[in-house]
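The values are calculated or read from the model by the stated rules, or taken from the named source; none is laboratory data. This structure is a prediction, so every number in the text was calculated from the model and none was measured. In this analysis, Cβ positions are derived from the backbone assuming ideal geometry, glycine residues included, and neighbour counts consider all displayed protein chains.
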Amino acid sequence: MHLASHRMVPLFRRTTWPRALVGHVWDAPISAAIALVVTLTFGLELLTPRDVVAAVALLPLLIAVWVLSTRWVVGVGALAGVQFATAVAIEAGNRPTLVITGVVGLCLLLVARGYAVSNLHSLKGQPNPTPTEASRVRPTPTGASHSISGIGALSQRELEVARLASRGHTAPDIGRILHIGERTVETHIAHTYAKLHIQSKAQLIGICEELQRRG
């Protein structure tokens, strides 16, 4: 069964996780919604030149940098950057306040994104190979590039399991989604670790976006 048919997994179950929407079907729609909110906010900023309404855009942008995949963060960030620069250029009276708000907001967004990326390992309930399976196929630690190059060696079923695992699903969850046994899932995970030359769940999560692109 192809993974795409299972992407409508309950979303709000993991919305507090860093980069929760990477590879998820809601990644693009929520990005578009955030972009719309940001655009409306900057529209109000231009309509109310005496007030710094642009600061309100910080909240949706924080949500974006926390939950979205990299390509959508870049897109939403670029849009907000252009709109903010436009507001600074037009509103001469508010320019100093806008610049200060923009610098502080940018620093906050960079810190939030950095924290989200560096704390992927904090995701709960990641499937892990059993000690027996791990000992039979112990991976060799290498760089991320080796992990990515090893994706081509995965079977279709291993790729499906790896995609789901990298998005935070437990072994029982994956078993139910793919209609296979939990033990079989753990075996696929162990083989995947070996083929990708990784040793931890955090490393698997780290190549989540690349796994979603392969098929």
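Within the range 20-47, the residues that satisfy the criterion of being at pLDDT below 85, buried (at least 19 other Cβ atoms within 10 Å of the Cβ) and either aliphatic (A, V, I, L, M) or outside the structural domain of Leu98 (by TED's automatic domain parsing) (or both) are Ala20, Leu21, Val22. For Ala55, indicate whether it is surrounded by fewer than 18 Cβ atoms within 10 Å (Cβ to Cβ), at negative phi, assigned to a helix (DSSP H, G or I) and small (Gly, Ala, Ser). When the stated conditions are applied, Ala55 passes them.
Okay, residues lined up against (1) within 20 Å of the chain's Cα centre (by Cα); (2) of a type in the set (Phe, Trp, Tyr); (3) farther than 22 Å from Leu21 by Cβ:
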position	(1), (2), (3)
Ser155	no, no, yes
Glu158	no, no, yes
Ser166	yes, no, no
Asp173	yes, no, no
Leu178	no, no, no
Glu182	no, no, yes
Thr187	no, no, yes
His197	no, no, yes
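Can you say whether Ile148 is among the aliphatic types (A, V, I, L, M), part of a helix (DSSP H, G or I) and at pLDDT 85 or above, as far as the supplied structure shows? Spelling it out, it is not the case that Ile148 is among the aliphatic types (A, V, I, L, M), part of a helix (DSSP H, G or I) and at pLDDT 85 or above.
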